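Let me begin by presenting the structure, written as structure tokens, before commenting on it.
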Amino acid sequence: MIADLHVHTRLSSDSNAAPEQYLEFAKSSGHGLGAICFTEHRLFPSDREVGRLYEELAEQFQIAIFKGIEADTDLGHLLLFGVTDEVMRRFDLTARMLKSDSLIEVLHHEGGVAIPAHPFRGSGYGSRLDALLSRHGAALGAVEVLNGQNSIEENRRAQDAALKLGLTAVGGSDAHFATAKWFMTIATEFERDVHAVEQLCAEIRAGRARPYVFPGSD
């Protein structure tokens, strides 16, 4: 199953794309995207209206939709999946400079995953992955090694780090617009189908995921 783990809509301040635009683009491409994760900047939409919209769009386009968030932390941006009420109670996810150490540990305890996004682009995660892994072990089990908006060198450095440290490697488009330049470029391939965000987290934690490059994007 192919899933894009890193996509922004107009709920992020730097995008004007509607969620349905991504789904229409994915369907028209014919490249078999099975799931899309909306990871807005410092926003985890929990209102029912957004939830209903995602359910309707998922049914209409037959593409699973999962909610995540691109959190702003003291080391850079962190993709969070499996956000629970306890995580939201303990952290103000709309804030900047959240403490990476505690956020990674709490989310892992709740069954979720925290993934350093584009760790070698404007981020302190790249240089500190080794130290973070020694402190957090399995709690930091994955890293975004292919990002559709990274340079070749930034992605190469992330791939090298994941291989050296034994981290699960994933990929995402980091799309802010539903165009060929931004979307349907990079994603993550799962060994099994995932139908809920809990399953997505479990598969990443088990290491059953790897980066995927769409045909014509390399």
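The values are calculated or read from the model by the stated rules, or taken from the named source; none is laboratory data. Since the model is a prediction, treat every value here as computed from it, not as a measurement. In this analysis, Cβ positions are derived from the backbone assuming ideal geometry, glycine residues included, and neighbour counts consider all displayed protein chains. Areas reflect the complete protein model, heavy atoms only, side chains present, ligands, DNA and RNA absent. Shrake-Rupley method; radii C 1.70, N 1.55, O 1.52, S 1.80 Å.
Quickly estimate the mean residue ellipticity at 222 nm for the chain, helices only: each DSSP H run with n ≥ 4 gives -39500 (n - 2.57), and the total goes over all residues, rounded to 500. All intermediate terms of the calculation are to be shown ahead of the outcome.
Working: 7 runs with 76 residues, N = 218.
Value at 222 nm, helices only: -10500 deg cm²/dmol.
For the chain, with every protein chain kept in place, what is the accessible area per residue (1.4 Å probe, Å²)?
On the way: 9850 Å² over 218 residues.
Heavy-atom SASA per residue in the chain reads 45 Å².
Between beta-carbons, use under 14 Å as the cut-off and find the net charge around Arg192, counting Lys and Arg +1, Asp and Glu -1. All intermediate terms of the calculation are to be shown ahead of the outcome.
Numbers: positive: Arg205, Arg208, Arg210; negative: Glu189, Glu191, Asp193, Glu198, Glu203.
Its environment carries a net charge of -2.
For an R0 of 25 angstrom, estimate the FRET efficiency from the Cβ-Cβ distance between Ala180 and Glu56 and round to the nearest 0.05.
Values: r = 26 Å, r/R0 = 1.03.
It comes out at approximately 0.45.
At 7 Å along the Cα-to-beta-carbon direction for both Ser29 and Ile152, put a label point, then send me their distance in nm to one decimal.
2.1 nm
Around Leu98, under 13 Å between beta carbons, what's the net of Lys plus Arg minus Asp minus Glu among the other residues? Could the numbers behind the result be given before it?
On the way: positive: Arg42, Arg90, Arg96, Lys99; negative: Glu70, Asp72, Asp74, Asp92, Asp101, Glu105.
So the surrounding residues net to -2.
Protein chains only, probe 1.4 Å: how do Asp72, Asp4, Asp85, Asp101 rank by accessible area, largest first?
Values: Asp72 20, Asp4 0, Asp85 130, Asp101 60 Å².
Listed by decreasing accessible area, they come as Asp85, Asp101, Asp72, Asp4.
Given H placed on each backbone N at 1.01 Å, which residues far from Glu40 in sequence or on other chains put an amide H within less than 5 Å of it?
Result for Glu40 returns Gly68, Glu70.
Give, as ranges by residue number, the residues of the stretch 176-193 whose backbone N falls under 11 Å from the point 7 Å along Cα→Cβ of Val213.
186
Between beta-carbons, use under 12 Å as the cut-off and find the net charge around Leu129, counting Lys and Arg +1, Asp and Glu -1.
Charge balance in the 12 Å sphere: +1.
If each of Glu110 and Arg96 carries a label point 7 Å out from its Cα toward its Cβ, how far apart are those two points in nm?
Once both label points are built, they end up 2.3 nm from each other.
Which semi-axis lengths, in whole Å and largest first, follow from the square roots of five times the eigenvalues of the Cα gyration tensor of the chain? Please list the in-between numbers first.
Values: eigenvalues 117, 80, 51 Å².
Each semi-axis is the square root of five times an eigenvalue, giving 24, 20, 16 Å.
Per the Cauchy relation, a quarter of the hull surface: what is the mean projected area of the convex hull of the alpha carbons in the stretch 76-161, in nm²?
Values: hull surface 21.8 nm².
With the hull built on Cα positions only, its mean projection is 5.4 nm².
Probe radius 1.4 Å, ligands and nucleic acids ignored: give me the carbon and sulfur share of the accessible area of the chain as a rounded percent. Intermediate results must be reported in sequence, preceding the final value.
Working: 4690 of 9850 Å².
Carbon plus sulfur share of accessible area: 48 percent.
What order do His8, His31 take when sorted by accessible area (1.4 Å probe), most exposed first? Walk me through the numbers on the way to the answer.
On the way: His8 0, His31 75 Å².
Putting His8, His31 in descending order of accessible area: His31, His8.
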